[in-house]
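Data first, discussion second: the structure below is written as structure tokens.
The values are calculated or read from the model by the stated rules, or taken from the named source; none is laboratory data. Note that the coordinates shown come from a computational prediction; the quantities given were computed from them, not determined experimentally. All Cβ positions, glycine included, derive from the backbone under ideal geometry; neighbour counts span all protein chains shown.
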Amino acid sequence: MSLKTVCDLAQSGLLDESTQLSRDGGPFQPIREASDVYPLIAAHLRGGAAPSYSGDLRVRGFLPTFVRLNQARAKGRLAVRDGVKRMEVHFKDGEPVMVESSSVKDRLGERLVDRGRLEREQLKIALTAMRNAREQLGQTLLRLKVLRPQDLLAELREQQIARLVELCGWRQGFYSFVEGETYTGEPVDLGDVLPRMVVEAMRAMTESAAHSRLQDCLHQIAAVEPTPLVERCIRQFNDIEKRMLAAINDEESVVGLITETAVKVERRAMLVVLNALLELGALRLRSRARR
């Protein structure tokens, strides 16, 4: 990451006094100790409130942390970083109202170009107009009539959900939650996003990663622990995934459930369902009784 990018992130309000910096893959250090960087961005840093709690993603993943905040109806800011990238999820009443990312390719304009909603030249014109008017890109796109309000809202929602799904796949890094912090920007209503987030994240996993996540419980008998959250997620399952869910009946081992699905699409669906239940703490496991 270049010095210019760090300055851009600070000016965008994505960095604060608690931000840590790693150089060339080395250990993280407080950004205030980077004598060549800190003076250039100090005026743009937010005051870094002490986190209410923090942790290592290798010990407790993003999804269990998100579920905890959702069920506690938390209000505050969850910062997640993996050494290269940083995201911040702002919560109100346990629901995300904005997900910010340090990655340029995650920005709305780049996403619109990638999805064919904007031409590259249109984006350049819009960015120039945005800077001149000192407004957000979405406001500029509406003013220039490049997008309709309903289309812009749909794109913003999909951008936010895509970031949450990506976070579910992070297997290393650190997170910290600052309780009580209020997001002052324009919120995006994502609705009941958690079930969709869970299912899409599990579908996005490679088959090898899905197997690896189940490695410690392959030979245990599996059953479903019914919870309100599981019921919400079931509504996001497709028909094949629902059939695979019905097959988890406290009689077969995890590996048996996977290997008995001879059709590839069914095996993939079973892996999605098993991993979703595991992430939600709803996969009840027991050892096979000895005979």
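Data for the structure
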| item | result |
| --- | --- |
| Odd one out for L144, checked against (1) in contact with a Leu (Cβ under 8 Å, 6 or more places away or on another chain); (2) among the hydrophobic types (A, V, I, L, M, F, W, C); (3) over 18 Å from H90 (Cα atoms) | (1) |
| Helices (runs of 4 or more DSSP H) lying entirely in the stretch 130-240 (those with 1 or more residues that are outside the structural domain of E100 (by TED's automatic domain parsing), over 19 Å from G281 (Cβ atoms) and of a type outside the set (D, E)) | 193-204, 207-213 |
| Counted residues, the stretch 254-287 - those being surrounded by 22 or more Cβ atoms within 10 Å (Cβ to Cβ) and either among the small types (G, A, S) or not in a helix (DSSP H, G or I) (or both) | 3 |
| Residues that are assigned to a loop (DSSP other than H, G, I, E, B) and either of a type in the set (D, E, K, R) or at positive phi (or both), drawn from the stretch 92-129 | D93, G94, R107, R115, G116, R117, E119 |
| Restricting the stretch 66-84 to residues that are of a type in the set (V, I, T) and either under 14 Å from L229 (Cα atoms) or out of contact with any helix residue (DSSP H, G or I) (no Cβ under 7 Å at 6 or more places or on another chain) (or both), the residue that is surrounded by the most Cβ atoms within 10 Å (Cβ to Cβ) | V67 |
| Flag if A79 is touching a Gly at 6+ places or on another chain (Cβ under 6 Å), under 29 Å from C233 (Cα atoms) and either at pLDDT 90 or above or part of a helix (DSSP H, G or I) (or both) | no |
| Per-region count, the stretch 210-253, residues surrounded by fewer than 17 Cβ atoms within 10 Å (Cβ to Cβ) and in contact with a Phe, Trp or Tyr (Cβ under 7 Å, 6 or more places away or on another chain) | 0 |
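Matching residues to (1) in contact (Cβ under 8 Å) with a residue 40 or more places away in the chain; (2) of a type in the set (S, T, Y); (3) touching a Lys or Arg at 6+ places or on another chain (Cβ under 7 Å):
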{"residue": "P228", "(1), (2), (3)": "no, no, no"}
{"residue": "R235", "(1), (2), (3)": "yes, no, no"}
{"residue": "K242", "(1), (2), (3)": "no, no, no"}
{"residue": "A246", "(1), (2), (3)": "no, no, no"}
{"residue": "E252", "(1), (2), (3)": "no, no, no"}
{"residue": "G256", "(1), (2), (3)": "no, no, no"}
{"residue": "T261", "(1), (2), (3)": "no, yes, yes"}
{"residue": "M270", "(1), (2), (3)": "no, no, no"}
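Each row is one residue, and each column tells you yes or no for (1) farther than 30 Å from D151 by Cα; (2) not aromatic (F, W, Y).
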residue	(1), (2)
V188	no, yes
E200	no, yes
E207	yes, yes
F237	no, no
N249	yes, yes
V265	yes, yes
E279	yes, yes
